[in-house]
Ligand SMILES: Cc1cc2nc3c(=O)[nH]c(=O)nc-3n(C[C@H](O)[C@H](O)[C@H](O)COP(=O)(O)OP(=O)(O)OC[C@H]3O[C@@H](n4cnc5c(N)ncnc54)[C@H](O)[C@@H]3O)c2cc1C
Ligand code: FES
Ligand code: FES
């Protein structure tokens, strides 16, 4: 194993920070507000929903330094080794001029009570650095994870469009000092495993995937933390003590994206944001779903590996991955095994994963030519909401117009993400017609006995699932206009 050191190091705004002792569950927001007295970042929900706590975290990736907005309330300090954390306090010097994004918010009346404003400014700052002249759509995507209860979003969108009128990106401090900051961060991330604290407060940041494999096999009761967009809530909402914690979200080797001959392989630590271009290229049918997973801050931190490993029945990636026949690679020590995703989800809260074993990657076969694929998410709110029902549909209709292959999978309909085998069987070998689809609808009740909860009733879920099959059929047979007519 690579040698280890006992200090966590990162840059907070302009200051080098070194921490040798901290609770594994200490959130960045608590650290900023309570320890550092930096109170610009607000706590609204403490569960990643409102964005009031948004800060930028800059990480070295692929030879550059990438700044992304994340929710400080569900980010642990232990996740920050070798990063640059930028808070609202860093944007303009005391008594100095406002930052262009702040000035635009003032001039265009983007703030009323101001509680959400620091978080909104940080999200817009990240966008402005990437896109100095953003479109309305880009602004809306950047703000999916920021709630404002009083201003209304139109003035905020106008401010985002106008930010560049108040100063160019090229003279922004993070851009001007990028090279110097990269050298500073490289010096901090010295290639050694960080191992601090003891017992439940032990916090380990392995230096490599090999080190992770060794450490986790020896400490199988530790909690793996990747983006912490699930685990963060165990701490802030359920007050769980998750230590000892092994942070894996930074690991080169878990963040690789391989666009192979027949399949796309994503390392378990690839975030939704990082995966988006490859997903768009190979599975454009998943575009809408992808941008309805969380908000930008959640997609910047959350990983596909975490979504699968968590095994939630309402996770959004398992239904399309099941429909596409994906498999995962699990690793324990130096041993690896491949498991088809359909065999991985065993029961509620139970997956085919041994103590000390972690998800290394997920491999998603490309859709063969001529096959049809769609994925639909139904939730109470369009943005930043968990699915009530998520359905993925894949069929192949042969030259005779008969269904030669059908793979249908759902989240929100059972205790695990699950294939609709009876519905598939009811379609197989039949003509891909309205009559076939209608005759297959009763089979949903054989596949699923959904529950009633705060997201939807059992009856709603069953009916929604059936209607999604109807929708898929209409869309794949050139009758999509009937959907809008039905609504009108
Ligand atoms: C505001 C908000 C909105 C959300 N919206 C959505 C949504 O729309 N759709 C959706 O599906 N989810 C949503 N989520 C849930 C969450 O973002 C996803 O499940 C995400 O993919 C989790 O990834 P992570 O890296 O943050 O996992 P973490 O929280 O770090 O870990 C989750 C679990 O996986 C384990 N784990 C992580 N990586 C590995 C690995 N490589 N091997 C083995 N175990 C591992 C951890 O130990 C833990 O048990 C939302 C969460 C929040 C806070
Ligand atoms: S406080 Fe609401 S997202 Fe962090
Ligand atoms: S200005 Fe009050 S919540 Fe946004």
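A compact table of results
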read-out: Tally of residues being more than 15 Å from ligand 2 (Cβ to nearest atom) and more than 19 Å from residue 391 (Cα to Cα) across the stretch 283-309; value: 4
read-out: Qualifying helices (runs of 4 or more DSSP H) (wholly inside the stretch 59-175; at least 3 residues being free of Cβ contacts under 8 Å to residues at least 24 places away in the same chain, within 16 Å of ligand 2 (Cβ to nearest atom) and surrounded by fewer than 24 Cβ atoms within 10 Å (Cβ to Cβ)); value: none
read-out: Residue ID - farthest from the chain's Cα centre (by Cα), chosen from residues in the stretch 416-454 that are closer than 15 Å to residue 376 by Cβ and assigned to a loop (DSSP other than H, G, I, E, B); value: 420
read-out: Residue satisfying all of: in the stretch 39-56; touching a residue at least 40 places away in the same chain (Cβ under 8 Å), more than 8 Å from ligand 2 (Cβ to nearest atom) and assigned to a loop (DSSP other than H, G, I, E, B); surrounded by the fewest Cβ atoms within 10 Å (Cβ to Cβ) among these; value: 40
read-out: Some residue of the stretch 287-308 being farther than 22 Å from residue 353 by Cβ, in contact with a helix residue (DSSP H, G or I) (Cβ under 8 Å, 6 or more places away or on another chain) and away from ligand 1 (no atom under 13 Å from the Cβ); value: yes
read-out: Residue within the stretch 217-231 that is touching a residue at least 60 places away in the same chain (Cβ under 8 Å), surrounded by fewer than 18 Cβ atoms within 10 Å (Cβ to Cβ), closer than 25 Å to residue 73 by Cβ and touching a helix residue (DSSP H, G or I) at 6+ places or on another chain (Cβ under 6 Å) present; value: no
read-out: Members of the stretch 10-30 found to be surrounded by 22 or more Cβ atoms within 10 Å (Cβ to Cβ) and in a helix (DSSP H, G or I), listed by number; value: 28, 29
read-out: Conditions (1) surrounded by fewer than 24 Cβ atoms within 10 Å (Cβ to Cβ); (2) at pLDDT 95 or above; (3) closer than 26 Å to residue 197 by Cα; (4) more than 7 Å from ligand 1 (Cβ to nearest atom): number failed by residue 274; value: (3)
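The values are calculated or read from the model by the stated rules, or taken from the named source; none is laboratory data. From a predicted model like this one, the values you see are computed outputs, not experimental measurements. When we count neighbours, we look across all protein chains shown, and the Cβ atoms used for this are built from the backbone with ideal geometry, even at glycine.
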